[in-house]
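Here's the structure we're looking at; comments come further down.
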Amino acid sequence: MKLSRFGEKFTGHSGIVALMDDLGSALNENPEMIFMGGGNPARLPEVERVMGQSLQELLSDSRRRHQLLGIYQPPKGDNEFCLYVARLLQREFGWPVTEKNIAVTNGSQSAFFVLFNLFAGEMPDGSRKTIHLPLTPEYLGYSDIGLSDALFSASVPAIEKLPGGMFKYHVDFSRLQIDHSIAALSVSRPTNPTGNVLTDEEMAHLDQIARANDIPFIIDGAYGLPFPGIVFNQAVPLWSDNTILVLSLSKFGLPGARTGIIVAAEEVVEACSNVNTIVSLACGNMGPGIGRQLFDSGEILRLSREVIQPFYRQRAEQTLQWFREALGDLPCHIHTPEGAIFLWLWFEGLPVSSQTLYERLKARGVLVVPGHHFFPGLKEKWQHQHECIRVSYAQDEEQVKRGVEI
Ligand code: PLP
């Protein structure tokens, strides 16, 4: 098979594909494997009930069933859904957004594919630009998303060691050098894999730097506010005409519906919709179909605040306690869990690599994700990259407890 450059890049060696294959085959080889590796959200009966009911209602009405299954939505997604999302953001945060600032995508992953490649890569004048990640570790799903190589650049963070074996990453503004090679700044908040929630001051400072350099500030809110709202502190969400906020229904409990939501200036929304039309023709109707009622009634916020956030907060605290008991005096720092669905463990001075630790844990029946995958764009050699693992606490409680003990 003779492949194009695109073909070679997207079928060649990719850390994330190799890891996902490995995780998948590990489960096949050992069905008893404790799965603390993936990004699946927890099963929450009340959320499932509400979504199931909403789906039933759509299916039982012939007009709505047809809307769900029998038509293509316009390029930027179901207009009514976009309207409800805009109203919710206006109500909640006072943001001056209308449905023209909202686009639906087939999952936020594909929104990032479009956005990152829209702004960075090879420029019309032949120069190259990167998406800069001002704080790594950052989401491993970005790593291979570029149509060209080296789509990302990244900065090493400052580490604040905290009492009780905890720590927190901060953006090290002294290292953040913005020049013409940077097309945009991007952060996930809460951060996958660390559960870090960048402080309001850090966000304001990044926004100001982006504005001063006339580049957009992209915020990945897959776990964030207002839905699914997996944030355990008092962080204030940020949006301005220079920010591009990307939300998702996946961690709310709908990863199978593949629904991402872009909140951005109209010209960005239009650009993304154009690309989406060329690549996908239209978005799936399932997420907007189920979501329409949840957004209109505000039920999405009630579930986020009363069911989803308390579940993960309690689970984070519990898992942290289990780790403290199980680790004893081993030299392990844990990132303060401020949101998302993972704990990030830093074994300072680990005598093997995080890859070896991952393999040993897999052989012992528990799957985690080795930390070195979470540094997309980082050129500097940094031992810390090989000393960390990501552990999901979203799955069955007993399993999480046994996994922690292993
Ligand atoms: N961003 C972050 C930080 C994630 O963790 C994920 C998935 O795990 C995504 C984006 C993509 O999610 P989806 O495409 O399901 O919206």
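May I ask you to verify whether residue 121 is of a type in the set (Gly, Ala, Ser) and in contact with a strand residue (DSSP E or B) (Cβ under 8 Å, 6 or more places away or on another chain)? Outline the logic, then answer.
Details: of a type in the set (Gly, Ala, Ser): yes; in contact with a strand residue (DSSP E or B) (Cβ under 8 Å, 6 or more places away or on another chain): yes.
Yes.
Scan the strands (runs of 3 or more DSSP E) fully inside segment 164-253 and keep the ones with 3 or more residues being within 30 Å of residue 328 (Cβ to Cβ) and away from the ligand (no atom under 16 Å from the Cβ).
Fully inside segment 164-253 and qualifying: 166-170.
For a quick check of your reading of the model, give me the residue pairs whose first member lies in segment 56-75 and is under 22 Å from residue 279 (Cβ atoms), whose second is of a type in the set (A, V, I, L, M) and not in a helix (DSSP H, G or I), with beta-carbon atoms closer than 7 Å and at least 6 apart or on different chains.
Matching pairs, first to second residue: 72/281; 72/282; 73/282; 75/282.
Restricted to segment 30-46, and to residues that are of a type in the set (A, V, I, L, M) and under 17 Å from residue 315 (Cα atoms), which residue is surrounded by the most Cβ atoms within 10 Å (Cβ to Cβ)?
Once the filter is applied, the top-ranked residue is 36.
Restricting to segment 144-163, what's the tally of residues that are assigned to a loop (DSSP other than H, G, I, E, B) and of a type in the set (Ser, Thr, Tyr)?
2
Answer with yes or no whether residue 72 is surrounded by 18 or more Cβ atoms within 10 Å (Cβ to Cβ), aromatic (Phe, Trp, Tyr) and over 21 Å from residue 309 (Cα atoms).
no
Kindly check whether there is at least one residue in segment 201-218 that is at pLDDT 95 or above, within 14 Å of the chain's Cα centre (by Cα) and not acidic (Asp, Glu).
yes
Residue check: is residue 154 open to solvent by 30 Å² or more (accessible area, probe 1.4 Å) and either among the charged types (D, E, K, R) or under 20 Å from residue 382 (Cα atoms) (or both)?
Numbers: open to solvent by 30 Å² or more (accessible area, probe 1.4 Å): no; either among the charged types (D, E, K, R) or under 20 Å from residue 382 (Cα atoms) (or both): yes.
No: the conditions fail for residue 154.
Among (1) at pLDDT 90 or above; (2) in contact with a helix residue (DSSP H, G or I) (Cβ under 9 Å, 6 or more places away or on another chain), which single condition is residue 19 missing?
(1)
Quick one: residue 258 ticks every box in (1) open to solvent by less than 10 Å² (accessible area, probe 1.4 Å); (2) touching a strand residue (DSSP E or B) at 6+ places or on another chain (Cβ under 7 Å); (3) within 25 Å of residue 342 (Cα to Cα) bar one, so which box is it?
Every listed condition holds for residue 258 apart from (1).
Exactly one condition in (1) surrounded by fewer than 16 Cβ atoms within 10 Å (Cβ to Cβ); (2) in contact with a strand residue (DSSP E or B) (Cβ under 8 Å, 6 or more places away or on another chain); (3) not in a helix (DSSP H, G or I) is false for residue 27; which is it?
Against the list (1) surrounded by fewer than 16 Cβ atoms within 10 Å (Cβ to Cβ); (2) in contact with a strand residue (DSSP E or B) (Cβ under 8 Å, 6 or more places away or on another chain); (3) not in a helix (DSSP H, G or I), residue 27 comes up short only on (3).
Return the pairs, sorted by first residue and then second, in which the second residue is assigned to a helix (DSSP H, G or I) and more than 8 Å from the ligand (Cβ to nearest atom), the first residue lies in segment 100-119 and is closer than 18 Å to residue 217 by Cβ and open to solvent by 40 Å² or more (accessible area, probe 1.4 Å), the beta carbons are less than 9 Å apart, and the residues are 6+ apart or on different chains.
Pairs found: 118/268; 118/271; 118/272; 118/275.
Given (1) free of Cβ contacts under 8 Å to residues at least 60 places away in the same chain; (2) within 16 Å of the ligand (Cβ to nearest atom), identify the lone condition not met by residue 38.
Result: residue 38 passes all but (1).
Can you tell me which of (1) in contact (Cβ under 8 Å) with a residue 40 or more places away in the chain; (2) β-branched (Val, Ile, Thr); (3) open to solvent by 10 Å² or more (accessible area, probe 1.4 Å) is the one residue 199 doesn't meet?
Only one criterion in (1) in contact (Cβ under 8 Å) with a residue 40 or more places away in the chain; (2) β-branched (Val, Ile, Thr); (3) open to solvent by 10 Å² or more (accessible area, probe 1.4 Å) is unmet by residue 199, namely (1).
Out of all the residues in segment 272-291, is one or more within 16 Å of the chain's Cα centre (by Cα), open to solvent by less than 20 Å² (accessible area, probe 1.4 Å) and within 16 Å of the ligand (Cβ to nearest atom)?
No: segment 272-291 contains no residue that is within 16 Å of the chain's Cα centre (by Cα), open to solvent by less than 20 Å² (accessible area, probe 1.4 Å) and within 16 Å of the ligand (Cβ to nearest atom).
Given the conditions (1) open to solvent by 10 Å² or more (accessible area, probe 1.4 Å); (2) under 17 Å from the mean Cα position of the chain (by Cα); (3) within 22 Å of residue 83 (Cα to Cα), and given that residue 232 satisfies all but one, which numbered condition is not satisfied?
(3)
Pull up segment 341-367, narrow it to residues that are under 14 Å from residue 389 (Cβ atoms) and of a type in the set (Val, Ile, Thr), then point me to the one that is least open to solvent (accessible area, probe 1.4 Å).
Filtering first and then ranking leaves 366.
Quick check on my filter: what residues within segment 90-113 are part of a helix (DSSP H, G or I), of a type outside the set (S, T, N, Q) and under 16 Å from residue 76 (Cβ atoms)?
If the condition is that a residue be part of a helix (DSSP H, G or I), of a type outside the set (S, T, N, Q) and under 16 Å from residue 76 (Cβ atoms), then 99, 100, 111 are the ones that fit.
For segment 129-149, indicate whether the set of residues that are open to solvent by 10 Å² or more (accessible area, probe 1.4 Å), farther than 30 Å from residue 333 by Cβ, modelled with pLDDT under 95 and over 21 Å from the mean Cα position of the chain (by Cα) is non-empty.
Yes, some residue in segment 129-149 is open to solvent by 10 Å² or more (accessible area, probe 1.4 Å), farther than 30 Å from residue 333 by Cβ, modelled with pLDDT under 95 and over 21 Å from the mean Cα position of the chain (by Cα).
Results for (1) in contact (Cβ under 8 Å) with a residue 12 or more places away in the chain; (2) open to solvent by less than 20 Å² (accessible area, probe 1.4 Å), shown as yes or no for each residue.
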{"residue": "294", "(1), (2)": "yes, yes"}
{"residue": "301", "(1), (2)": "yes, yes"}
{"residue": "312", "(1), (2)": "yes, yes"}
{"residue": "324", "(1), (2)": "yes, no"}
{"residue": "329", "(1), (2)": "no, no"}
{"residue": "333", "(1), (2)": "yes, no"}
{"residue": "339", "(1), (2)": "yes, yes"}
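The values are calculated or read from the model by the stated rules, or taken from the named source; none is laboratory data. Note that the coordinates shown come from a computational prediction; the quantities given were computed from them, not determined experimentally. A quick note on method: Cβ atoms are made from the backbone with ideal geometry, for glycine too, and the neighbour counts reach across all protein chains shown. In case anyone asks, the SASA skips ligands and DNA or RNA and just uses the protein heavy atoms, side chains included. Shrake-Rupley method; radii C 1.70, N 1.55, O 1.52, S 1.80 Å.
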